[in-house]
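Please find one structure pasted underneath; my questions will follow.
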Amino acid sequence: NKKIIIAIDGYSSTGKSTVARQLAKALGYIYVDTGAMYRAVTLFAMRKCFVDATHFNKEALERFLPFIHIHFEVNTKTGIAEVYLNNENVEKEIRKLEVSKLVSPVAAVSVVRRKLVEQQQLMGKDKGIVMDGRDIGTVVFPEAELKLFMTATAKDRAERRYNELIERGDKVTYEDVLKNVVNRDHIDSTRKDSPLRKADDAIMIDNSNLTLEEQFEQIMKITKDII
Ligand code: C5P
């Protein structure tokens, strides 16, 4: 079997990371959640660069950027890679709705993207990697051997995210989560730098009516045809 790069892009909360993780495990590949990297930078910005709840000081963020170090480490108990911001495990904190509400404007800043994309390309230089995000098939790995683009209705996606957050004990309302999902997709698809879009050669997967098993089977079949 040859080692390939699998790029998974799509709208918020389409279950990209679930399927990416399953796929990486089945193939013995590395899995990289690039959203976690943008979330970690956002957490840093929230602590240091926000002037109020919705506005951040872009210049401050650009100045701090060289001092923002992000890496992943596998949690030996769960086997899942967790994200670190300047050596602090921030895996739990970055999933909160407060971070979700601020991540898209931070991710639209070009210098932030340039830094993270460079790091992502290094992680994939030996292939054997599944990476999910918004610009993986278009910008990070335009040469990826397999590109998937995942969609589902906003309602399905908000429900999924809402249940995850409630399960984790976060106090959120469904309406708030739905609003966030729609808002993020809007900012992500209309930003100037690397907007979210399906690469021409990406395979579209609408999982609104698929169970996790069905989806995985479908994607595994596509993958096996390539490797
Ligand atoms: O994947 P996740 O929903 O955790 O991503 C959070 C946010 O990070 C997205 O809404 C988007 O603004 C940003 N992002 C991005 N490019 C990526 C991955 C995530 O701009 N490759």
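The values are calculated or read from the model by the stated rules, or taken from the named source; none is laboratory data. Predicted, not measured: the structure shown is a model, and the values here were computed from it. Cβ sites come from the backbone with ideal geometry, for glycine too, and all protein chains shown count toward neighbours.
If we scan the stretch 203-215, do we find a residue that is within 12 Å of the ligand (Cβ to nearest atom), closer than 29 Å to residue 141 by Cα, aliphatic (A, V, I, L, M) and free of Cβ contacts under 8 Å to residues at least 40 places away in the same chain?
Filtering the stretch 203-215 for residues within 12 Å of the ligand (Cβ to nearest atom) gives none.
Looking for residues that are within 12 Å of the ligand (Cβ to nearest atom), closer than 29 Å to residue 141 by Cα, aliphatic (A, V, I, L, M) and free of Cβ contacts under 8 Å to residues at least 40 places away in the same chain, one finds none in the stretch 203-215, hence no.
Restricting attention to the stretch 67-87, does a residue exist that is surrounded by fewer than 19 Cβ atoms within 10 Å (Cβ to Cβ), modelled with pLDDT of 95 or more and assigned to a helix (DSSP H, G or I)?
yes
Assuming residue 189 fulfils every condition listed in (1) of a type outside the set (Phe, Trp, Tyr); (2) surrounded by 15 or more Cβ atoms within 10 Å (Cβ to Cβ); (3) within 16 Å of the chain's Cα centre (by Cα); (4) farther than 15 Å from residue 7 by Cα apart from one, which condition is it?
With (1) of a type outside the set (Phe, Trp, Tyr); (2) surrounded by 15 or more Cβ atoms within 10 Å (Cβ to Cβ); (3) within 16 Å of the chain's Cα centre (by Cα); (4) farther than 15 Å from residue 7 by Cα applied to residue 189, the lone miss is (2).
Scanning the stretch 128-144 for residues that are of a type in the set (D, E, K, R) and either over 16 Å from residue 115 (Cα atoms) or out of contact with any Ser or Thr (no Cβ under 6 Å at 6 or more places or on another chain) (or both), which turns out nearest to the ligand (Cβ to nearest atom)? Spell out how you get there, then give the answer.
So the first thing to find is which residues in the stretch 128-144 are of a type in the set (D, E, K, R), and the list is 132, 134-135, 143.
Checking which are either over 16 Å from residue 115 (Cα atoms) or out of contact with any Ser or Thr (no Cβ under 6 Å at 6 or more places or on another chain) (or both) leaves us with 132, 134, 143.
Details: 132: 7, 134: 4, 143: 16 Å.
Within the stretch 128-144, the match that is nearest to the ligand (Cβ to nearest atom) is 134.
Restricted to the stretch 152-199, and to residues that are β-branched (Val, Ile, Thr) and not in a loop (DSSP other than H, G, I, E, B), which residue is farthest from residue 141 (Cα to Cα)? Talk me through it step by step, then tell me what you get.
Taking the stretch 152-199 as the starting set, the residues that turn out to be β-branched (Val, Ile, Thr) are 153, 166, 172-173, 177, 181-182, 187, 190.
Narrowing the set further to residues that are not in a loop (DSSP other than H, G, I, E, B) leaves 166, 177, 181-182, 187, 190.
Values: 166: 34, 177: 30, 181: 25, 182: 26, 187: 22, 190: 21 Å.
For the stretch 152-199, the residue satisfying everything is 166.
Restrict the check to the stretch 1-14 and report whether at least one residue is in a helix (DSSP H, G or I) and in contact with a strand residue (DSSP E or B) (Cβ under 7 Å, 6 or more places away or on another chain). Step through it out loud before you land on a result.
To start, the set of residues in the stretch 1-14 that are in a helix (DSSP H, G or I) comprises none.
No, because not a single residue in the stretch 1-14 is in a helix (DSSP H, G or I) and in contact with a strand residue (DSSP E or B) (Cβ under 7 Å, 6 or more places away or on another chain).
For the stretch 76-83, does any single residue satisfy the condition of being over 27 Å from residue 174 (Cβ atoms), of a type in the set (D, E, K, R) and within 16 Å of the ligand (Cβ to nearest atom)?
Taking every residue of the stretch 76-83 in turn, at least one turns out to be over 27 Å from residue 174 (Cβ atoms), of a type in the set (D, E, K, R) and within 16 Å of the ligand (Cβ to nearest atom).
Being within 21 Å of residue 211 (Cβ to Cβ) and modelled with pLDDT of 95 or more narrows it down to one residue among 8, 30, 4; which is it?
Numbers: 30 fails: within 21 Å of residue 211 (Cβ to Cβ); 4 fails: within 21 Å of residue 211 (Cβ to Cβ).
So the residue among 8, 30, 4 that is within 21 Å of residue 211 (Cβ to Cβ) and modelled with pLDDT of 95 or more is 8.
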